[in-house]
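Just so you know, all these numbers are worked out from the coordinates, no wet-lab data involved. A quick note: this is a predicted structure, and the numbers were derived from the prediction, not measured. For neighbour counting, all protein chains shown are included, and Cβ atoms are generated from backbone atoms with ideal geometry for every residue, glycine included.
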2 protein chains.
Amino acid sequence: MAPQSRTLDHPDRSEIRLEDVLHALSDPVRLQVVRFLADGGESSCSAIDLAVSKSTTTHHFRVLREAGVIRQVYRGTAKMSSLRREDLDALFPGLLDTVVTAYDAQQARTVTV
Amino acid sequence: MAPQSRTLDHPDRSEIRLEDVLHALSDPVRLQVVRFLADGGESSCSAIDLAVSKSTTTHHFRVLREAGVIRQVYRGTAKMSSLRREDLDALFPGLLDTVVTAYDAQQARTVTV
């Protein structure tokens, strides 16, 4: 496999658009991914317990990556994902934390109903 | 015209979902509407200078209403819109202000480039 095929496209910080980030966050599965990654560190796609197929998982991670919400890198044979917290916090202060907090609050309300 | 045709459907507060709100906000025109309404008060659709057709404007306002972001009521022949700030702040504290601030920051960056 050629080296260039092992590098994934990411928008530069200056290319990240608020509307794209909000769109990437506007899906329950992608919110679940962001919530998981918000606790820090890198994770493989398979480490997150998502109730969707592998191809759907790959799609959701790609949407997050192309919007600039996550960074994905290859470590050996594993594709590892992490939040672009530094970029997002610089561009849209507080947005990531506010969304994660809102997601947690919604989850808590859903469970108690 | 029958009275019931003059009332528009809105989700109850308990029906408002974070993913729907984020989707409603994930569009430049709808962000512009929310930014305008965030300064307070009610506004007619035509009071906001949007670079889209009347039917597209109506569509965008409907998306915002159905997601629970805005409330629309008839005042005589005018359809007036306002943010559902109390509901959104109760469900997702800080989200609306964070998004509006992020939008302003992005607009400022775009203008200076």
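The relative contact order of chain A comes to 30 percent, based on Cα pairs under 8 Å that sit 6 or more residues apart. Placing unit charges on the Cβ atoms of the charged side chains and taking the dipole of chain B about its Cα centre, the candidate lying farthest along the positive direction among B:Ala24, B:Tyr74, B:Leu37 is B:Tyr74.
The charge dipole of chain B, taken about the Cα centre with unit charges on the Cβ atoms of Lys, Arg (+1) and Asp, Glu (-1), comes to about 380 debye, rounded to the nearest 20.
Here the scattering of the range A:1-82 is modelled by Debye summation over its C-alpha atoms, one equal scatterer each and no solvent; at q = 0.12, 0.23 Å⁻¹ the log10 of I(q)/I(0) is -0.33, -1.19.
Within 10 Å of the Cβ of each residue in A:58-68, the mean number of Cβ atoms contributed by other protein chains is 0. Taking every DSSP helix (H) stretch of at least 4 residues in the protein assembly as shown, weighting each as -39,500 (n - 2.57) and dividing the sum by the residue count yields a mean residue ellipticity at 222 nm of -15500 deg cm²/dmol. Placing the label point 7 Å from Cα along the Cα-to-Cβ direction, what are the distances from B:Gly76 to the equivalent spots in the other copies, shortest first, in nm to one decimal? Distances between equivalent label points, in nm: 7.3. Under the convention that each Lys and Arg Cβ holds +1 and each Asp and Glu Cβ holds -1, the size of the dipole of the range B:5-68 around its Cα centre is about 160 debye.
For the segment B:12-22, counting C-beta atoms of other chains within 10 Å of every residue's C-beta and taking the mean gives 4. Assign one of three labels to the protein assembly as shown, namely rounded, prolate or oblate, based on the Cα gyration tensor with a ≥ b ≥ c the square roots of its eigenvalues; rounded applies when a/c is under 1.5, prolate when it is not and a/b is larger than b/c, and oblate otherwise. Prolate, because a/c is 1.5 or more and a/b exceeds b/c.
Copy-to-copy label distances for B:Ala38, where each label lies 7 Å from Cα along Cα-to-Cβ, are 1.9 nm in order of increasing length.
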